[in-house]
1. How high is the relative contact order of the stretch 224-359? Use alpha-carbon pairs under 8 Å, at least six apart in sequence, and give a whole percent.
2. Could you tell me how far the Cα centroid of the stretch 724-741 sits from the Cα centroid of the stretch 501-556, in Å?
3. Calculated FRET efficiency, H630 and K325, Cβ-Cβ r, R0 56 Å, to nearest 0.05?
4. To the nearest 0.05, what FRET efficiency results for E105 and L49 with a Förster distance of 30 Å applied to their C-beta separation?
5. Pairs to check: K110/K161; K518/K694; K272/K342. Give those whose C-alpha atoms are more than 27 Å from each other in this structure.
6. Given 0.36 nm per residue, what is the gain on full extension from D7 to D640 after removing their alpha carbon distance, in nm?
7. What is the extension gain from T244 to V619, computed as 0.36 nm multiplied by their sequence separation minus the C-alpha to C-alpha distance, in nm to one decimal?
8. Put +1 on the Cβ of every Lys and Arg and -1 on every Asp and Glu Cβ in the stretch 414-504; which of C448, V430, V458 then has its Cα farthest towards the positive end of the dipole?
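Every number in this text was worked out from the coordinates using simple rules, so none of it is lab data. All values reported here derive from a predicted model rather than from experimental measurement. Here the Cβ positions follow ideal geometry from the backbone for every residue, glycine too, while neighbour counts run over all protein chains shown.
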Amino acid sequence: MVKVREDQPLKADGRVDIPAWIAHLQQDVVLHDPQVLHEACTLAERLALDAEANGEVWRDNAITFRTGLEMADILGELKLDQPTLVAAVLYRAVRKGLISCEAVEKRFGKEVASLIDGVLKMAAISQLQAPDHGLSQHNQQENLRKMLVTMIDDVRVALIKIAERTCILRQVRNDSRDKCLRVAREVFDIYAPLAHRLGVGHVKWELEDLSFRYLHEDDYKAIAKQLAEKRLDRDRYINDVVSTLKSQLEAQGIMRYDLAGRAKHIYSIWRKMKRKRINFSQVHDVRAVRILVPEITDCYTVLGIVHSRWHHVPNEFDDYIANPKKNGYQSLHTAVIGPENKVLEIQIRTFAMHEEAELGVCAHWRYKGTDVDTKSRGYEEKIAWLRQVLEWQEEVGELSNISEGLNSDIAPDRIYVFTPDGHVIDLPRVATPIDFAYRVHTEIGHLCRGAKVDGRIVPLTYRLKTGQQVEILTATKGGPSRDWLNPNLGYVKTSRARTKIQAWFKQQAREQNLEEGKGLLEREFRRLDLDNLDRNKLAQAVNYAIADDMYAAIGAGDLRVGQVLSQAQHLFGDTEDQDQLDRLLTRPRKTGGKEAPDSVTVLGVGNLKTQMANCCHPVPGDQIVGFITHGRGVTIHRGDCPNILQLRSEEPNRIVAVEWGSRQIVQYTVDIEILAWDRSNLLRDVTGVLSGEKINVLAVNTRTDKNHNMATLNITLEVASLEVLERLFSRIQQLPNVTDIKRLRQGGERRMDEHNRGSA
C-alpha cells in the first residue's frame, strides 16, 4: 500500500511547531547546528505567508511551505546532511521566485545555494520535454533520464528532486485529472526509475504505487479491493506464522531479530500478473515474511528452522549470500508450503544487508531492473558513482567531510541534447551538429548548412555537450559537402552520418563521382609532388579494376584519398630510383637482418628459439621474463604471470632475462610551401596545427609581399608517411586566409633508432 506521511506537529494556531518538528527530525539525522535549519524554516514560512498576503496565491502557500518540511522528512530518513535539509526547506520558495539563489547563498552559504540551483536545472530539463504519444516515447523518457544523470554532479541534488516529486505526487489528487496524469507520468517515467537505480527502495515503491494509482486507476482499484478483502485473512495468517517463527528462533538461542510481514506493493503485484499472465489468486508472494538477524551464520540457522518446519517449494530457493548478485545484493530467498497448505515467501538477511537494500548503499538499480535498458556504460558508471557517494556518506556520517568526492570525473559515453521542440536526442559524446542533423532526419543532414547551439551560431565541427539545444540551419536544395567525409577535418564523427553521406553521393551520376574523385586525387598528387604513378595499377592495389572505378569510389566517399596514398607508398616504393623514393617517402625494401617489432632478445645468450606463452599472451611493451624449456627453446611470459612467479620460486636457474627487440622509426624530411593572405597570428596558427599533429619542425622561413599582402611560409619538417602529410595539408588548408599549400621537390630521409633515442 502507498505510504502515508506523518502529520507535522502543530501549534494551537494551526501553524507548524518548528522546534518540535526539528526535534523529531533529529531522531533520524544529526544536525551540527539546528539553529540554521530553524532559521531556514522560519524564513520559508514567512515568505509563503507574505506571498499569500500579497495575493500571490500559486497554491495554498502554507501547504507549500509544509511541502519543504515534508521533503526534509524524506531526506532525513535517508540520513542526508544539514545543508541538504536546509536546501529542501527553501527549494519551493526559490522555484516560485519568492527568494533568489543569490539571497540564499548570502544567508545560508554557497553549498546550500548550489544544491538548490542543481535541482532547478533538473526541473527545467524535465519541463522541456515535448508530449510524444508515439512509439518513441520510451526512448524519449530513457534519454531524458540519462540526460538528468549526466548533469548531476552531487548525489544530493537527485535525492532532493526525488523527495520533491514524492511530495507533489502525494498532494496532486486535489488537482485536475490532466495534471494528475501529467505529474504521474513524469514521476513514473523518470523519477521512480532514478530512485530504483539509486537504490532508495522505499521511496521508489511509493512513487510507483502513487503513479500507478493515476495512470491505471481501474487496475489499481481492483487490486487494492482484493487486497483489502483478504487483508484480515492475510494478517491473521502472517501473525500465526510470525508467532510460530518467534518461538522457534528463541528456542535456537536467537534472541535479537526482527520478524514481520512484507507488504507486496500494488504496482509490483500488477506487473507480476502481467509478466506471468496470472490472476491475483496466483500471486503467491502476497503472503510473505522478512526475517532480519545480526550475523550471516544466523541467516542459515533460520533457513534450517524454516525448512525443517515447512516443506520448501522446489526451484524456489536462492542463496544470494553465498552467491551475491553482481550489484552486491545479499539475502536468502525461499518459498515454502506454509500453514493451511498455502505458499509462503520468506526472505532472510542480516540487519546490515537490509539497510543496504532499503536505503541505497547496495547497488539495487540492477536488481529486477528489466524494465529499462541501461546498456550505456557511461550512464551506469555515473549511477555507480552517485551510489558510491551514498555509501561514503553512510560510512562517514556527513557528506561535507568528503566534499572532494562530490565532483564526478566520469566522462559519459553518450550526450543528450534537445531539438528546438524539446525532444531529447542521444549521440556519442564526440558528436557534431552534422551528426545531430543526420540523427534527426536524413534530409535535414543533406540540407544542413549551419547550426545554432543555445541560440548562438557555431561551426559545423563544434563538439556538442549534454543539455544544449541544437537548431540546424538548412538550404532549400543541395546536398552534403565532400569535405564532410574527410576525417581530418572533424565534420562527422558518427558512422550513421558518414554512411548517409556516402549513400547520397552514390546516388549521384557516376560521371559526376568520377570527375569529383579524379579531381580530389590529382589535386593531392600535385600538392604532394607525385607523378608518373600508374593509375590502373594503383586502382588494382585498392581493389578496383581500373582507374575510373577508383576515381568514382573516391567521389562517392567509399574510398579515402589517404588509403590510396598509403597503397601508392607501398606499391611504387620497391625501386632503386632515389628521386622516386624521396617523393614517395619510402626507402628500398631489404630482406634479412631486420628485427621484427615483436621479436625478443635473450640477453647474454644469443639467438635462441622463442615462443610466446599461451597462459598470459605477452605483447610488445609488456614487462617480460623468459623460461628455458626442454627442447622448445625459451617461453616468454609476462612479468606478472602467475605461472612464471611459481616457476621463479621452483626452478630459478631456468629463468632468463629477455627484452623486446628494438625497432626503428623512419622519419622523412619534407619541404612544404604555404601561401596565404597576410594576417596576424598566421604563423602561430600553422605551428599550432603542426604541434597538434606532433610534427617535428626543422626550419621555418617566412616572407611577406607587402605590395600584394601575400605571405609565403617555407617549412622543413619530418613526417612518417604520405598519409600523415596529406592529413597535415588538409588541416592547414582549413586555416583562415590560406590559399594554397604544396610540397617542394627537396628533402631526403632521416632515421632515428627509437631504442637509442629513448636512452639518450
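1. On the way: 172 pairs, mean separation 31.4, N = 136.
Dividing the mean separation by the residue count of the stretch 224-359 yields 23 percent.
2. 20
3. For H630 and K325, the calculated efficiency is 0.75.
4. For E105 and L49, the calculated efficiency is 0.80.
5. Distance filter (> 27 Å) returns K518/K694.
6. So the chain would gain 221.6 nm between D7 and D640.
7. 128.6 nm
8. Comparing the listed Cα positions along the dipole, V430 ranks first.
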